[in-house]
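The next block holds one structure in the form of structure tokens; read it before the comments.
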Amino acid sequence: MDSMARAPLAAVATSSQAAANCLRGAGDHEASLAQASPTRYSRWDRRWSGALLSFVGIFITVAALLGGFAAMGGHLAVLMQPWEFVIILGTAIGTFIVANPWKTVVDTGVACMQAITGAVPSERYYLDLLGALHALMRELRGKGRNEVEAHIDDPASSEIFKAFPSVLGDPPLLQFICDYVRLIIMGNARTHEIEALMDEEIHTIVKAKLAPYNSMVVVSEALPALGIVAAVLGVIKAMGALDQSPKLLGGFIGAALVGTFAGIFLSYGVLSPFAIKIKMTREKRCRPYIIVKQTLLAFMNGAMPQIAVEHGRKMIASGERPSIDVVENETIAGPKAVATEAEPKAARA
């Protein structure tokens, strides 16, 4: 009897062990794939998942709204009032164009695409930035002024920047780096003066980058009022049909109230959340300037290039920050050596 009782338990234990081995093997396989090709997974997470989440969020919002209305016994056809939406959206777009310079209008379109696609700095971008800063600081420490000036006077021809294409492909950040490296090699500016100047310039950059967000917030706050405008126009239309049947008059009044609903929904259900996403995306795109600031200030205060790079690495958000070992390999061996090390791992996977 004891052996018969132990048999099912042994079978369960064996099955559990087999399942655990399968899960462990699947996890190891997934980890090896992610390690062998980190750019593929990070690019998917950064680009497609951001766009997918945006559309999923909008779908859930609209589905909950229309589904709840239909469940209450409402007729969805009543909400189909295209001219109410034309009045609200057309007025919102017109006032947006009036209130902002053309540069901000164009930049808002760019910001919307960046927010949808999740166009934020990747790990490769951060590694290129830290590697370029490390190489420049080694030049500053070990070579003369003229040799360093050759790199910052013509970055496109510099072997340092050619080795880090992400930095070379970002002209505003590249100019920011070159300007402050030039101030360092002049030798006259003090650390606190450079820090104050950097803070002012970064504040100006962030303000310009967040202009689309601020403009969209203003429009989103105005949408409920524009919805009331559309509703008032609908009521005016209904008042002109007082001699009609109650059924027809009720349809006019219902159509007018759709304007109020649409203004509030578009404001708090669509535009405000999207504006917040634009803000988050633009703040991440401004982070490299803070990394440059902290790295160069640490170097000016006497830190070795590798220690100064660590000051900059700490400015990256924890979920996006490359490990200290990866940064060390990148800055010492260079990007080509890191890529060479990754190729055998990919072949083994």
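Here are a few things to note about the model shown:
- Test: residue in region 75-93 that is more than 19 Å from Ser267 (Cα to Cα) and not aliphatic (A, V, I, L, M): yes
- Residue match in region 54-67 (condition: outside any loop (DSSP other than H, G, I, E, B), over 17 Å from Ala262 (Cα atoms) and in contact with a helix residue (DSSP H, G or I) (Cβ under 6 Å, 6 or more places away or on another chain)): yes
Matching residues to (1) surrounded by 13 or more Cβ atoms within 10 Å (Cβ to Cβ); (2) modelled with pLDDT of 50 or more:
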residue	(1), (2)
Ser15	no, no
Glu30	no, no
Asp45	no, yes
Leu65	yes, yes
Phe69	yes, yes
Ala99	yes, yes
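- Single residue of region 141-152 satisfying the filter (in contact (Cβ under 8 Å) with a residue 12 or more places away in the chain and either aromatic (Phe, Trp, Tyr) or over 19 Å from Thr295 (Cβ atoms) (or both)) that is surrounded by the fewest Cβ atoms within 10 Å (Cβ to Cβ): Arg145
- Region 214-328 holds helices (runs of 4 or more DSSP H) entirely within its bounds, and those carrying 1 or more residues that are within 30 Å of Ser166 (Cβ to Cβ) and not polar (S, T, N, Q) map to 272-300, 305-313.
- Filter result (more than 19 Å from Arg138 (Cβ to Cβ), hydrophobic (A, V, I, L, M, F, W, C) and within 23 Å of the chain's Cα centre (by Cα)) within region 152-189: Leu173, Phe176
- Index of the failed condition, Ile177 passing every other in (1) more than 28 Å from Val148 (Cβ to Cβ); (2) touching a Leu at 6+ places or on another chain (Cβ under 9 Å): (1)
Residue-by-condition table, conditions (1) outside the structural domain of Met300 (by TED's automatic domain parsing); (2) assigned to a helix (DSSP H, G or I); (3) in contact (Cβ under 8 Å) with a residue 60 or more places away in the chain:
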position	(1), (2), (3)
Lys103	no, yes, no
Asp107	no, yes, yes
Met113	no, yes, no
Val120	no, no, yes
Leu127	no, yes, yes
Leu133	no, yes, yes
Leu136	no, yes, no
Glu139	no, yes, no
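- Residues of region 106-132 satisfying the condition of being surrounded by fewer than 24 Cβ atoms within 10 Å (Cβ to Cβ) and hydroxyl-bearing (Ser, Thr, Tyr): Thr108, Thr117, Ser122, Tyr125
- A count restricted to region 255-304 and to residues that are of a type in the set (S, T, N, Q) and surrounded by fewer than 18 Cβ atoms within 10 Å (Cβ to Cβ) stands at 2.
- His192 more than 30 Å from Asp107 (Cβ to Cβ), over 26 Å from the mean Cα position of the chain (by Cα) and surrounded by 12 or more Cβ atoms within 10 Å (Cβ to Cβ): no
The values are calculated or read from the model by the stated rules, or taken from the named source; none is laboratory data. Fair warning: this is a prediction, and the values are worked out from it, not measured in the lab. Here the Cβ is made from the backbone with ideal geometry for all residues, glycine too, and neighbour counts use every protein chain on show.
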